[in-house]
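Student: I'd like to ask some things about the structure below.
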Amino acid sequence: MAKYTKHVPGVLLCLAIALTALIATNTLPLDLFGLALLSLLIGMALNPVVSKYESLGVGIEWTSKRILRVGIILTGISLSFAQVVQAGKYAMVLLVFTLSTAFGVGYICSKVFKINWKLSSLLSVSTAICGGTAVATVGPVIKAKDKEIAYALSATFIFDLLTVILFPWFGKLIGLTDTGYGLWVGTAVNDTSSVIAAGYAFSDTAGALATIVKLTRTLFIVPIVLVFSWIFAKKELQSNQNERTKIKVTKIFPWFILGFLGMVAVRSTGLLSAPTVSGIASAAKFMLATALGAIGLKTSFQEVAGVGAKPMVAGVAIDISVVIVALFAQALILRFIP
């Protein structure tokens, strides 16, 4: 127990940041940033001061890894397998289009703009899966730098802010049905809170469908993490010129993903009451905010700004491509699939 004493100051600081962000989001009339992003920004603002105290480093590092994984595991409580079935064949087919677009355009942008493959992957995964949660999950798996994680989260926030404002207006302008709009928003908007805001701004029916489709996207985080674990391991072997060595699945497998699936399975049983599910989901969000606060404490605004403008252009290209493909794909799917 004594060996963990040195972790306490840093962990308490991260918890304090998340609590501050929580109070702010509950107090402000408009939740512009979201709990996770606000926690990250507060951490980054404190970085110049906190970086001077080495005693805080151990706890901050521990929080950015261990608490992050617990938060990801608990996030699984927000999804049940029944919801995936409910989303139906329309959503699953549509997701094939958007996932292919996000990773395809991301790959092209990485080559055109000469962007680090880790950062381009985080930008793609944010758009393809579930915004900040996906970035926070995949980032450590591929050992992305903290500044790259922070950059991808910031890019996600800017796009989501625009979608909440513009999507409902544009959907009504072009005459989308509740079903069409719900499918579009559920697959094209990144963060869950933004999907809910943009969906219900159109109609209750569209909002409910968009939320279900978005949660279904979240389940794809499992195969995506497995794929990126393998890609990272492969690149590590190649960089070490150790091509004869086989990749050991047990070494690269992200075991916390099993915990995520376990929570989905628990939710799927229907044994937990709605208040219990809500409480666990809230705890998951707070833990993710705590971990992102820790990542923020290890990252300065100067480092993020130093990444440059090209990745932001790439992020915009990926987001716009998915928006356009999702818009046309949902129209084709509703027309041709009975």
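The values are calculated or read from the model by the stated rules, or taken from the named source; none is laboratory data. Since the structure is predicted, the reported quantities are computational estimates derived from the model, not experimental observations. Cβ: placed from backbone, ideal geometry, glycine included. Neighbour counts: every protein chain shown.
Student: Looking at (1) under 26 Å from Ala283 (Cα atoms); (2) surrounded by fewer than 18 Cβ atoms within 10 Å (Cβ to Cβ); (3) in contact with a helix residue (DSSP H, G or I) (Cβ under 7 Å, 6 or more places away or on another chain), which one does Trp117 not meet, given that it meets all the others?
Tutor: (1)
Student: Can I ask one more? I'd like the full set of residues that are closer than 23 Å to Arg267 by Cα and buried (at least 22 other Cβ atoms within 10 Å of the Cβ), limited to region 46-76.
Tutor: The answer is Ile67, Leu68, Gly71, Ile72, Thr75, Gly76.
Student: Also, I was wondering about something else. Scan region 52-87 residue by residue and report those that are of a type in the set (Ser, Thr, Tyr) and either without any contact (Cβ under 8 Å) to a residue 60 or more places away in the chain or touching a Cys at 6+ places or on another chain (Cβ under 6 Å) (or both).
Tutor: So in region 52-87, the residues of a type in the set (Ser, Thr, Tyr) come out as 53, 55, 63-64, 75, 78, 80.
Once the filter is applied, which keeps residues that are of a type in the set (Ser, Thr, Tyr) and either without any contact (Cβ under 8 Å) to a residue 60 or more places away in the chain or touching a Cys at 6+ places or on another chain (Cβ under 6 Å) (or both), region 52-87 yields Tyr53, Ser55, Thr63.
Student: Might you let me know whether region 86-99 holds any residue that is part of a loop (DSSP other than H, G, I, E, B) and out of contact with any Leu (no Cβ under 9 Å at 6 or more places or on another chain)?
Tutor: Taking region 86-99 first, the residues part of a loop (DSSP other than H, G, I, E, B) are none.
Checking region 86-99: not a single residue is part of a loop (DSSP other than H, G, I, E, B) and out of contact with any Leu (no Cβ under 9 Å at 6 or more places or on another chain).
Student: Could you look through region 173-215, keep only residues that are of a type outside the set (S, T, N, Q), under 22 Å from Ser100 (Cα atoms) and assigned to a loop (DSSP other than H, G, I, E, B), and pick out the one that is modelled with the highest pLDDT?
Tutor: Going through the qualifying residues, I end up with Val189.
Student: Ala283 is checked against (1) modelled with pLDDT of 85 or more; (2) more than 22 Å from Ala36 (Cα to Cα); (3) surrounded by fewer than 16 Cβ atoms within 10 Å (Cβ to Cβ) and fails just one. What number does that condition carry?
Tutor: Of the numbered conditions (1) modelled with pLDDT of 85 or more; (2) more than 22 Å from Ala36 (Cα to Cα); (3) surrounded by fewer than 16 Cβ atoms within 10 Å (Cβ to Cβ), the odd one out for Ala283 is (2).
Student: A further question on this structure: With the structure loaded, tell me whether Thr127 is within 16 Å of the chain's Cα centre (by Cα), in a helix (DSSP H, G or I) and in contact (Cβ under 8 Å) with a residue 60 or more places away in the chain or whether it fails that test.
Tutor: Values: within 16 Å of the chain's Cα centre (by Cα): yes; in a helix (DSSP H, G or I): yes; in contact (Cβ under 8 Å) with a residue 60 or more places away in the chain: yes.
For Thr127, the condition - within 16 Å of the chain's Cα centre (by Cα), in a helix (DSSP H, G or I) and in contact (Cβ under 8 Å) with a residue 60 or more places away in the chain - is met.
Student: Among (1) modelled with pLDDT under 90; (2) more than 14 Å from Phe286 (Cβ to Cβ); (3) in contact with a helix residue (DSSP H, G or I) (Cβ under 9 Å, 6 or more places away or on another chain), which single condition is Ala36 missing?
Tutor: Looking at each condition in turn, Ala36 falls short on (2).
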